[in-house]
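Here it is, the structure, as structure tokens.
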Amino acid sequence: MTDLRTIASNLLDKTVKETDLGGQKHAGKVRDSYLLGDQRLIVVSDRISAFDHILGTIPLKGQLLNQAAAYWLEKTQDIAPNHLIKVVDPAAMLVKNCIPLKAEFVMRGYLAGTTETSILRSYEKGLRNFCGHRLPDGLSAHGKLPKNIMTPTTKGDMGKHDVNMSKEEILASGVVSKQHFEAAEEMAYNLFAFGQKHAAEKGLILVDTKYEFGVCEGQVMLIDEIHTPDSSRYWYQDDYATRMAAGKRPRSLDKEYVRRWMVDNHGFRGDGTPPLLDAEVRVEAALRYIENYETVTGSTFTPNTEDPAARLKKNLEGYLK
Ligand SMILES: Nc1ncnc2c1ncn2[C@@H]1O[C@H](COP(=O)(O)OP(=O)(O)OP(=O)(O)O)[C@@H](O)[C@H]1O
Ligand SMILES: [Mg+2]
């Protein structure tokens, strides 16, 4: 059995940067989706985005994210209805086409973040109100918040940054109805509590995450992805307390690895042209996505080593006819 590092290295020049399967395509930062009447085919590319820039590709990422999302969607269907119909390729799923709510529902359990607009930087600058939530003095960087909070953002169009808002501001702007917002808000709190509990059983802390909801058949449901290492922060539980006591940052198991590489090696925090990811960071990132998948699901990841572009075409052409 070839080891995963070698498999990921061998796939470095076979990653899926973009797809062109015909039909009506919508390209997000990471997902390409194809409208099929009242359904939608979501293909998870290998693209990685951070600081709102697409940085390049990570081998196996599409498969890992698609399978991670499918895992969590199945586990949480009793907490929130969701869009999943069927997984149709290691990196693609068929879903119900929904009208996305024009807000993103960010859930936070800790004072964390890297960007200037993060709750951590905002708190460090002395602000004690974040998205309408009052924060007490005396919280530590990377420490637990007094309780989980939902801090919504606008849903920025491609190339635009999402803007932090309070619930009241979102409702006043009229982009989402109160009824839809509150249905999504309740599901977000419940999904996050479930995710935290499940992660804790696996030795991880689910620090924060972002959900998207949409309306379909008159019902608000969870769409897009859930609890993936792209949409969430995960920290290792075992050395969290000792690292905090020593004034060290928690160890993460998510996309933070790539963000840190950009900050530490290139001083890049989102402004200007992002540096190119080298082969080593791309493989290391793949190994971290794999570790997250295996830890969270408790099962071994089986990488698909076919050429992903050819495989997607073969598995999906029947849907796109
Ligand atoms: N079931 C669905 N029905 C309609 N649109 C969906 C559905 N699921 C996901 N989408 C949309 O498909 C797109 C997926 O793209 P992607 O995940 O790459 O996100 P993005 O919006 O570009 O950025 P990010 O998720 O990082 O904020 C999103 O615009 C999302 O709202
Ligand atoms: Mg998305």
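Bear in mind these aren't lab numbers, they're just calculated from the coordinates by the rules spelled out. These figures come from a predicted structure and were not determined experimentally. So basically every Cβ, Gly included, is an ideal-geometry build from the backbone, and we count neighbours across all protein chains shown.
How many nm is it between the label spots at Gln219 and Ala241, if each spot is 7 Å from the Cα in line with the beta carbon?
4.2 nm
Where Rh denotes the Kirkwood radius from the mean inverse Cα pair distance, what is Rg over Rh for the range 100-245?
0.96
Let me ask you something else. Between the range 217-284 and the range 54-71, what is the C-alpha centre distance in whole Å?
So the two Cα centres are separated by 14 Å.
What is the packing order of peptides 173-179, 86-92, taking the mean over residues of other C-beta atoms within 10 Å and listing the highest first?
Most protected by this proxy first, the peptides run 86-92, 173-179.
Oh, and also: Scan around Tyr110 for amide H atoms under 5 Å from its own, H built in the peptide plane at 1.01 Å from N, and keep only partners 5 or more places away or cross-chain.
Result for Tyr110 returns Leu145.
Another question about this same structure. Report, by chain and number, residues whose modeled amide H sits under 5 Å from the one on Ala50, excluding near sequence neighbours (fewer than 5 apart, same chain).
Here Leu55 satisfy the definition.
Also: Output the relative contact order of the range 100-245, whole-number percent, from Cα pairs under 8 angstrom with separation of 6+ residues.
This gives 27 percent for the range 100-245.
Measuring from label point to label point, each 7 Å out along Cα→Cβ, what is the Lys147 to Lys86 span in nm?
4.3 nm
Still on this model: Taking the simple approach of a point 7 Å from Cα along Cα-to-Cβ for both Lys313 and Lys197, what is their distance in nm?
Between Lys313 and Lys197, the simple spin-label model gives 4.7 nm.
Check which residues have an amide H placed less than 5 Å from Gln39's amide H, if you skip close sequence neighbours.
Asn97
Hey, with R₀ at 35 Å, roughly what FRET efficiency would Asn304 and Ser166 work out to, going by the Cβ-Cβ distance, to 0.05?
Efficiency for this residue pair is about 0.20.
In addition: Which of the three applies to the range 167-214, rounded, prolate or oblate, going by the alpha-carbon gyration tensor with a ≥ b ≥ c and a/c under 1.5 meaning rounded?
It comes out prolate by the Cα gyration axes.
Please sort by residue number the GluC sites (Glu not before Pro) in the range 286-316 whose DSSP state is loop and whose Cβ has at most 14 other Cβ atoms within 10 Å.
Glu306
A further question on this structure: Show me, bin by bin at 10 Å from 0, the whole-percent P(r) of the chain based on Cα pairs.
6, 26, 36, 25, 7, 1
Applying a 10 Å radius around every beta-carbon, put 117-127, 202-212 in order of their mean neighbour count, most first.
202-212, 117-127
What Cys residues in the chain have no fellow cysteine's beta-carbon under 4.7 angstrom?
Cys131
Let me ask something else about it. As a quick test, which of the pairs Lys29/Lys197; Lys86/Lys160; Lys210/Lys313; Lys125/Lys248; Lys61/Lys147; Lys75/Lys96 have an alpha carbon distance above 25 angstrom in this structure?
Lys29/Lys197; Lys86/Lys160; Lys210/Lys313; Lys61/Lys147
Would you calculate, for the chain, the mean residue ellipticity at 222 nm contributed by helices, counting each DSSP H stretch of 4 or more residues as -39,500 (n - 2.57) and dividing by all residues, to the nearest 500?
The helix contribution divided over the chain gives -10500 deg cm²/dmol.
Considering only Ile99, Ile42, Ile223, give the residue with the highest GNM mean-square fluctuation for the chain, with springs between Cα atoms whenever their separation is below 10 Å.
Result: Ile99 has the largest fluctuation of those listed.
Right, here's the next one. Would you work out the relative contact order for the range 130-188, in percent, from Cα pairs under 8 angstrom that are 6 or more residues apart?
Dividing the mean separation by the residue count of the range 130-188 yields 31 percent.
Moving on. If you average the C-alpha positions of the range 161-181 and of the range 106-145 separately, how far apart do those two centres end up, in angstrom?
The distance from the Cα centre of the range 161-181 to that of the range 106-145 comes to 20 Å.
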